[in-house]
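Heads up: the structure comes next, in structure tokens.
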Amino acid sequence: MFPFSVIHPGPTAQTGRQTVNSGYELIAFDAEKLNVFAAEVRYCEPHWHPAPELITVLAGRFSLAVGQQRVVLSQGEMLYINAQEVHSLCAEEAGSELVTVQFSPGLFDELHSAPSLKWRTQAGVATEADRQVQRRLAALLDQLVDNRAPFQRIAATYLLLDALVAAGEPTQREESSLREEAMIKEGIEFINQHFDQPLTLSDVAHHCGVSYSWFSRMFKKVSRHNFKEYLTLVRLNKARTLLRDTRTPITEISHNCGFQEHKYLIAAFNKYCGLTPTEYRKRFISRQNVIESELALGEDCLCLPLNPALLERLRLSQLCESAL
């Protein structure tokens, strides 16, 4: 389901992310021009943003769809995602965690554009350039945890980017690929903006000006779900937000989220959250420890504190990856 764009519609203290009924993420950056966060994640919906992103697996195993490609990352492995590239993520093991660094577009200008790279690490085959990226990432996180002087942190950020450029392979996407991605983005936005209405795959394909079969095939590659599943998840996440307001009847919430009948909302909750809407509402109201109960409530993202203990875990995960 959707931990970033849909569950958190406003900017958060740790991620600075927000969306407006769209797969396009509006990421807020402070003066640091950098967002760094760690989280236990089950699933992240297809989305894109103007910030290049570096993902490091802290624990477990993730499967990612980046454009039309599938990438599997295990503990200690890293992946660079280019700006504006559609990507989604799904944990393949319980308790899978990651550390993400997002580089603000404000770090770049016309003479120094954001790197467009193909780069990832793989267990057992890391080069010296790959290990340099690992060291630079650890150094940057160390600066952030210790709250060093701002100029030191910005210097560490550029050093990490420099290491990525040295390790990665420059890439330029073909026009045909960009056109296909633009149509997929248009389809995702159309779904996210019209989920509360009767909606079919034919409607979305017609809106994008493509065939039913083409959009169905491409959408499954990018989202990791078929259209019906994805639409249900979008509606379910909106319902979870509305259920937190006890003044709105559950039957009204189901219709507001596009479920034609109340029983379909119940079925979706049972399938994806393991509880009924009523039980979800009661647990959300009564829970006293957010850290312990967030994922138990059926949510898909639990943010982790960025502290020395997490930094040590990152270093250990990189050592484990190098030893394989």
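The values are calculated or read from the model by the stated rules, or taken from the named source; none is laboratory data. Everything numeric in this text was worked out from a predicted model, so none of it was measured. FYI the Cβ positions are ideal-geometry reconstructions off the backbone, even for glycines, and counts take in every protein chain you see. In case anyone asks, the SASA skips ligands and DNA or RNA and just uses the protein heavy atoms, side chains included. Shrake-Rupley method; radii C 1.70, N 1.55, O 1.52, S 1.80 Å.
Close amide H pairs (under 5 Å, H built 1.01 Å from N) link Leu275 with Asn270, residues at least 5 positions away or on another chain.
What the Cβ-Cβ distance of Phe284 and Asp203 gives, at R0 = 45 Å and to the nearest 0.05, is a FRET efficiency of 0.85. On segment 167-318, 51 percent of the accessible area sits on carbon and sulfur atoms, based on a 1.4 Å probe. Per residue, the accessible area of the chain comes to 46 Å² when a 1.4 Å probe rolls over the protein heavy atoms. Per-atom-type breakdown for segment 52-157 gives carbon and sulfur 49% of the accessible area (1.4 Å probe, protein chains only). At full extension, Gln172 and Leu316 could sit 48.4 nm farther apart than now, given 0.36 nm per residue minus the alpha carbon distance.
Centroid-to-centroid, using Cα positions, segment 54-91 and segment 205-250 are 21 Å apart. Taking amide hydrogens as placed 1.01 Å from N in the peptide plane, the amide H of Leu304 sits under 5 Å from those of Ala38, Ala39, Glu40, each at least 5 positions away in sequence or on another chain.
In terms of accessible area, using a 1.4 Å probe and ignoring ligands and nucleic acids, Trp214, Trp48 rank largest first as Trp214, Trp48.
The H on the amide N of Val86, modeled in the peptide plane, is under 5 Å from the matching H of Gly67, each at least 5 residues off or on a different chain.
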